[in-house]
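*Asks:* Below you will find the structure I want to go over with you.
The values are calculated or read from the model by the stated rules, or taken from the named source; none is laboratory data. Keep in mind that what you see is a predicted model, and the values were worked out from it rather than measured. Cβ sites come from the backbone with ideal geometry, for glycine too, and all protein chains shown count toward neighbours.
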Amino acid sequence: MTVRSPVVINAHVLWALMLRESRMAFGTSHWGYLWAILQPSVTLVFLIVIFVLIGRGAPFGESLPLFFTTAILCLEYFGKTSASLMRAFSSNASLFAYPPVNRLDTVIARFLLVSSIHLLIWLVFHSALIATGFGLVPWRSELVIASFLCTGLIGLSVGMLNAVIFSFFSSWQHFERLYSRPLLFLSGTFYVPSMLPPEAVAVIRWNPILHAVELGRMGFYPDYHSELFSAPYLAAVILGLLASALFVERFTRKLRR
C-alpha cells in the first residue's frame, strides 16, 4: 500500500476544495466565468462614458481605459477576495468533520480560486487593450506582478479577518460594505494621487490598495513617478494584516466550533 505524504494529501484536499468552490460559485455553466469578466467591464465602460460626456481626457497618459483598468482590476480583485473569504468557514462547516480538512484549507482553496480567476481577468483585459490600441505592454512586468500579489495578500488577510468576525456576527457582511465601497474614490481610480492637495494626500496615503494601484501604474507607464507610493509601508501593512489574521483565526478556533 502506498503511503502518501502529508504534503500530497493536503494538495489533493486543496484541489478538491477548489473544484467544490468553483461549482458552488459558477455551477456547471461557463456563463459564470463570463460574468466574472463582465463585472469589471461594466464599471470600466461606465467611467469612460462619464469622462467622455464631461469632456475629460485620461488623468495620465493617452488612454482612459488603461488608466482606469490599473485601478479597477485591483479593486475588483481585493473586493471579491475579501467578500468571498468571509463565508469560507460558514459555508464549509460540514466538511470540518473530515480529519484531512481544516479551516485554513477552505480559506486557501477559495483564495486560490479567486486569484486564478482574477489573474485570467487581468490577462484578458490587458491583452484586449493592447490588441485594440488602448493598452501598453508593461515596461516593468515585475512591478505589475508585485501589484497583483500585494492586492491578493491584502484581500486574503482582510478576508480571513472577515471570516472570523462573520462566524460570531452574521450582520458583519453589512458593515463590511461600508469600508469597501469608498475605496473606489480613495484608490486613485480616476485621478493621479500625487496631484491632489497635501491635505487629501495625507488621508488617502493610508490606503494600502492605493499603494498597490500606484505600483502597478509604475509598471505600465515608464514616466509615471508616484510621490505617494511606499514599499516599506505596503510591506508592513501586508505583514501586519496577515499576522493579525492568522493569530485571530488560531486564537478563536475553539470558540467557533
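*Asks:* Does region 208-229 contain any residue that is buried (at least 18 other Cβ atoms within 10 Å of the Cβ), within 27 Å of Leu136 (Cα to Cα), in contact with a Gly (Cβ under 7 Å, 6 or more places away or on another chain) and in contact (Cβ under 8 Å) with a residue 60 or more places away in the chain?
*Replies:* Taking every residue of region 208-229 in turn, at least one turns out to be buried (at least 18 other Cβ atoms within 10 Å of the Cβ), within 27 Å of Leu136 (Cα to Cα), in contact with a Gly (Cβ under 7 Å, 6 or more places away or on another chain) and in contact (Cβ under 8 Å) with a residue 60 or more places away in the chain.
*Asks:* Oh, and also: Among the numbered criteria (1) over 30 Å from Val192 (Cβ atoms); (2) among the hydrophobic types (A, V, I, L, M, F, W, C); (3) assigned to a helix (DSSP H, G or I); (4) at pLDDT below 70, which one does Met1 miss?
*Replies:* (3)
*Asks:* Can you pull out every residue in region 148-184 that is assigned to a helix (DSSP H, G or I), surrounded by fewer than 18 Cβ atoms within 10 Å (Cβ to Cβ) and small (Gly, Ala, Ser)?
*Replies:* Ser180
*Asks:* Just give me the residues in region 45-63 being under 21 Å from Pro138 (Cβ atoms), touching a residue at least 60 places away in the same chain (Cβ under 8 Å) and not hydroxyl-bearing (Ser, Thr, Tyr), in sequence order.
*Replies:* Selection gives Pro59, Phe60, Gly61.
*Asks:* Answer yes if at least one residue in region 161-179 is among the aliphatic types (A, V, I, L, M) and within 26 Å of Leu143 (Cα to Cα), and no otherwise. Steps first, please.
*Replies:* Taking region 161-179 as the starting set, the residues that turn out to be among the aliphatic types (A, V, I, L, M) are 161, 163-165, 178.
The next check asks that each one be within 26 Å of Leu143 (Cα to Cα); those that pass are none.
No, every residue in region 161-179 fails to be among the aliphatic types (A, V, I, L, M) and within 26 Å of Leu143 (Cα to Cα).
*Asks:* Considering only region 191-207, state which residues are among the charged types (D, E, K, R) and buried (at least 16 other Cβ atoms within 10 Å of the Cβ). Show your work before the answer.
*Replies:* At the first step, the residues of region 191-207 found to be among the charged types (D, E, K, R) are 199, 205.
Arg205 - this is the single residue of region 191-207 that is among the charged types (D, E, K, R) and buried (at least 16 other Cβ atoms within 10 Å of the Cβ).
*Asks:* Of all residues in region 158-209, count the ones that are modelled with pLDDT under 80 and touching a Pro at 6+ places or on another chain (Cβ under 7 Å).
*Replies:* Residues in region 158-209 being modelled with pLDDT under 80 and touching a Pro at 6+ places or on another chain (Cβ under 7 Å): 0 in total.
Listed here are the residues, each with its yes/no results for (1) surrounded by fewer than 15 Cβ atoms within 10 Å (Cβ to Cβ); (2) farther than 18 Å from Leu184 by Cα; (3) modelled with pLDDT of 70 or more; (4) touching a Lys or Arg at 6+ places or on another chain (Cβ under 6 Å).
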position: Gly32; (1), (2), (3), (4): yes, yes, no, no
position: Glu62; (1), (2), (3), (4): yes, yes, yes, no
position: Tyr98; (1), (2), (3), (4): yes, yes, no, no
position: Asn102; (1), (2), (3), (4): no, yes, yes, no
position: Leu112; (1), (2), (3), (4): no, yes, yes, no
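*Asks:* List every residue pair whose Cβ atoms sit under 7 Å apart, with the two residues 6 or more apart in sequence or on different chains, where the first one lies in region 123-138 and is farther than 12 Å from Ser63 by Cβ and the second, anywhere, is assigned to a helix (DSSP H, G or I) and at pLDDT 85 or above.
*Replies:* As it stands, the answer is Phe125/Thr69; Phe125/Leu73; Val137/Ile130; Pro138/Val144; Pro138/Gly219; Pro138/Phe220, since those pairs meet every condition given.
*Asks:* Scan region 106-147 for residues that are assigned to a loop (DSSP other than H, G, I, E, B), of a type in the set (A, V, I, L, M) and touching a Gly at 6+ places or on another chain (Cβ under 6 Å) and report the count. Can you show your working first?
*Replies:* Keep residues of region 106-147 that are assigned to a loop (DSSP other than H, G, I, E, B), which gives 132-140.
In the following step, the residues that additionally are of a type in the set (A, V, I, L, M) were identified as 136-137.
When the remaining residues are screened for being touching a Gly at 6+ places or on another chain (Cβ under 6 Å), the result is none.
Final tally of qualifying residues: 0.
*Asks:* Still on this structure, I have one more. When the residues of region 49-79 are filtered to those that are β-branched (Val, Ile, Thr) and either in contact with a helix residue (DSSP H, G or I) (Cβ under 9 Å, 6 or more places away or on another chain) or not in a helix (DSSP H, G or I) (or both), which remaining residue is nearest to Gln173 (Cα to Cα)? Before you say what the answer is, go through the steps one by one.
*Replies:* Step one: filter region 49-79 for residues β-branched (Val, Ile, Thr), giving 49-50, 52, 54, 69-70, 72.
Right, trim to either in contact with a helix residue (DSSP H, G or I) (Cβ under 9 Å, 6 or more places away or on another chain) or not in a helix (DSSP H, G or I) (or both) and you get 52, 54, 69-70, 72.
On the way: Val52: 35, Ile54: 35, Thr69: 27, Thr70: 27, Ile72: 22 Å.
This residue is Ile72.
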